Amino acid sequence: MFFNILKILHIISVVSWMAALFYLPRLFVYHSEHFSNKGFLDVVKIQEKKLFDMIAQPAMIGTFISGIALMIFYPISIFKSGMWIHIKLTAVILLVIYHYSCWFYLKKFEKSSVPPRSGKFFRFYNEIPTILLIVIVVCAVLRF
């Protein structure tokens, strides 16, 4: 039962983290494309900060805690069960790098008088977590 509770917490944390990583760069698109609209920017800046601080960061921490707990309570042989876990963990590390790159851009938007990147850049940038999520899910389900 404890193992199932850990899995439930892990799935909820991952879904919350991914939701934040999908939406935050979309806000960056709007932020970049409407940089001259001060009233709009005031609202978007609040949304970006709250999304990162109150959803993305806690969800990432919950994902890590529950994921590490699952690996501790799962047989150690998980690392000998195939390449899937290594690929999955590599994709997770890339998601963490992406997460903190979002934080970097969030800070740039807070301090800059011009957008740090174009809306077109952030539209592309917004696809990265989707690709990584696909890799993670394929690895977790197929366990090759």
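The values are calculated or read from the model by the stated rules, or taken from the named source; none is laboratory data. Being a predicted model, the structure only gives us computed values, none of them experimental. Neighbour counts are summed over all protein chains in view; Cβ atoms, including those assigned to glycine, are modelled from backbone coordinates with ideal geometry.
Residue by residue through segment 17-42, note down the ones that are modelled with pLDDT under 95 and either within 15 Å of GLN57 (Cβ to Cβ) or among the aliphatic types (A, V, I, L, M) (or both).
Scanning segment 17-42 gives a single hit, LEU41.
Criterion first (in contact with a helix residue (DSSP H, G or I) (Cβ under 9 Å, 6 or more places away or on another chain), of a type outside the set (Asp, Glu), in contact (Cβ under 8 Å) with a residue 12 or more places away in the chain and not in a helix (DSSP H, G or I)) does PHE144 satisfy it?
Spelling it out, PHE144 is indeed in contact with a helix residue (DSSP H, G or I) (Cβ under 9 Å, 6 or more places away or on another chain), of a type outside the set (Asp, Glu), in contact (Cβ under 8 Å) with a residue 12 or more places away in the chain and not in a helix (DSSP H, G or I).
Out of all the residues in segment 31-78, which are among the hydrophobic types (A, V, I, L, M, F, W, C) and either under 18 Å from the mean Cα position of the chain (by Cα) or not in a helix (DSSP H, G or I) (or both)?
PHE35, LEU51, PHE52, MET54, ILE55, ALA56, ALA59, MET60, ILE61, PHE64, ILE65, ILE68
Restricting attention to segment 2-16, does a residue exist that is in a helix (DSSP H, G or I), modelled with pLDDT under 95 and of a type in the set (S, T, N, Q)?
Among the residues of segment 2-16, at least one is in a helix (DSSP H, G or I), modelled with pLDDT under 95 and of a type in the set (S, T, N, Q), which makes the answer yes.
If you check ILE87 against the conditions, is it surrounded by 15 or more Cβ atoms within 10 Å (Cβ to Cβ) and in a helix (DSSP H, G or I)?
Spelling it out, ILE87 is indeed surrounded by 15 or more Cβ atoms within 10 Å (Cβ to Cβ) and in a helix (DSSP H, G or I).
Evaluate segment 11-29: report whether one residue or more is over 21 Å from VAL96 (Cα atoms), surrounded by fewer than 18 Cβ atoms within 10 Å (Cβ to Cβ) and not polar (S, T, N, Q).
The answer is no; no qualifying residue exists.
As an exercise: evaluate TYR98 against (1) surrounded by 14 or more Cβ atoms within 10 Å (Cβ to Cβ); (2) in a helix (DSSP H, G or I); (3) among the aromatic types (Phe, Trp, Tyr); (4) at pLDDT below 95 and give the number of the one condition it does not meet.
With respect to (1) surrounded by 14 or more Cβ atoms within 10 Å (Cβ to Cβ); (2) in a helix (DSSP H, G or I); (3) among the aromatic types (Phe, Trp, Tyr); (4) at pLDDT below 95, TYR98 is out only on (4).
Look through SER101, SER77, SER32, SER36 and report the one residue that is in contact with a Pro (Cβ under 7 Å, 6 or more places away or on another chain) and either small (Gly, Ala, Ser) or over 27 Å from PHE121 (Cβ atoms) (or both).
SER32
Does PHE122 satisfy the condition of being part of a helix (DSSP H, G or I), surrounded by 15 or more Cβ atoms within 10 Å (Cβ to Cβ) and touching a Pro at 6+ places or on another chain (Cβ under 6 Å)?
yes
Filter segment 102-115 down to the residues that are touching a helix residue (DSSP H, G or I) at 6+ places or on another chain (Cβ under 8 Å) and assigned to a helix (DSSP H, G or I), then identify the one that is surrounded by the fewest Cβ atoms within 10 Å (Cβ to Cβ).
It comes out as GLU110.
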